[in-house]
Amino acid sequence: MGAGRSPSRQQAAALLLVAAVLCSTWKPTLQQPAASPVAATPATSSNTAATATQTTAAATPAAPPTTPAAATQTTAAATPAAPVPAKPAAKKNKQVELAPEADVQNDIDDIDVQGKCKEFLSSSVCKDVEAGEGGVANCISEAISAAEAGEEGAENVPDDCQEDVYQFMITRGKNINANIPLAKACKADAEKLCKNTWVFGPTAEGRIIACLREDKDKLSKACKAEVYKVQMAVATDYRADPEMAALCKADIEQYCKGVKDGGGRVTACLVRGTAGAGAGQWWP
């Protein structure tokens, strides 16, 4: 494999195990000034009546605002703003009792098809894929892998769309219940095999998934198929596996600084940078 090319999808899963094994570790109101008194004007005998009239007018204070207007202003000020409708609570999933309850991403367990991938989806091979349970995300992920492997006719997936898919997979990798198909298929297997998960990695995130991966030979056919999909997601972006991300942090900083996440690039970099062990086949 050349230094500038990412692994093919068939090689990605194999590279993953090698990389994982090789990694170690108020304002006050202003007072208006009082009005200056009006100076008295001496009145002549011929102007006595007029002067009296003027003096009376000057001494008469301005009429206060009419009661109806004041009442209207008070009523308007007391009227509260219309309440903003509360956002509906996110859907939850807890198929596997050994793992925490999880929010279902976008309420359908898939990327937001009106989000960063909207333009790509309008004309891509994935445009007719029904959203839900990771269907659209998986389709785009395959398109990303095909482009990275240089397959003929592969579509170019915009970077912001790629990252949207990666973040979806990363969130799924932290809790089996965030991945509905995986939780459904592996519920019984998890209850049987994964009651003691403290041995799986330095983080509590993803421990049930790590356990299932470890005991892959004991899994039911449906569960094994879903765990394989998870491993392919990790091969595309190591961040989808919390255990691997934690264990390989130092090695990634040492060997792969500047390497762009996603597309299997970091996994391939780790294998090249830590060359010494052969790339074993993780999955039969």
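Just a few scattered comments:
- The residue list A204, A188 contains one member that is assigned to a helix (DSSP H, G or I), out of contact with any Asp or Glu (no Cβ under 7 Å at 6 or more places or on another chain) and not polar (S, T, N, Q), which is A188.
- Leading residue by the ranking (least open to solvent (accessible area, probe 1.4 Å)) among those in segment 156-180 that are touching a Phe, Trp or Tyr at 6+ places or on another chain (Cβ under 8 Å) and over 16 Å from A131 (Cα atoms): V157
- Residues within segment 112-128 that are more than 22 Å from A178 (Cα to Cα) and surrounded by 15 or more Cβ atoms within 10 Å (Cβ to Cβ), tallied: 5
- Members of segment 248-277 that are open to solvent by 50 Å² or more (accessible area, probe 1.4 Å) and part of a helix (DSSP H, G or I): K249, E253, Q254, Y255, R272
- Screening E119 against (1) farther than 24 Å from K224 by Cβ; (2) outside any helix (DSSP H, G or I); (3) more than 17 Å from the chain's Cα centre (by Cα) leaves a single unmet condition, (2).
- The one condition in (1) within 18 Å of A235 (Cα to Cα); (2) over 19 Å from the mean Cα position of the chain (by Cα) that L193 fails to fulfil: (1)
- In this entry, A137 is excluded by the filter for residues that are at pLDDT 95 or above, open to solvent by 30 Å² or more (accessible area, probe 1.4 Å) and hydrophobic (A, V, I, L, M, F, W, C).
- Within segment 209-257, being of a type in the set (A, V, I, L, M, F, W, C) and within 17 Å of G273 (Cα to Cα) holds for A235, M244, A245, L247, C248, A250, I252, C256.
- Filtering A146, A131, A102 for residues that are hydrophobic (A, V, I, L, M, F, W, C), open to solvent by less than 80 Å² (accessible area, probe 1.4 Å) and closer than 21 Å to I208 by Cα leaves a single hit, A102.
The values are calculated or read from the model by the stated rules, or taken from the named source; none is laboratory data. Predicted, not measured: the structure shown is a model, and the values here were computed from it. Note that each Cβ is placed from the backbone with ideal geometry, even for glycine, and that neighbours are counted across all protein chains shown. Surface accessibility is based on the protein's heavy atoms, side chains included, excluding ligands, DNA and RNA. Shrake-Rupley method; radii C 1.70, N 1.55, O 1.52, S 1.80 Å.
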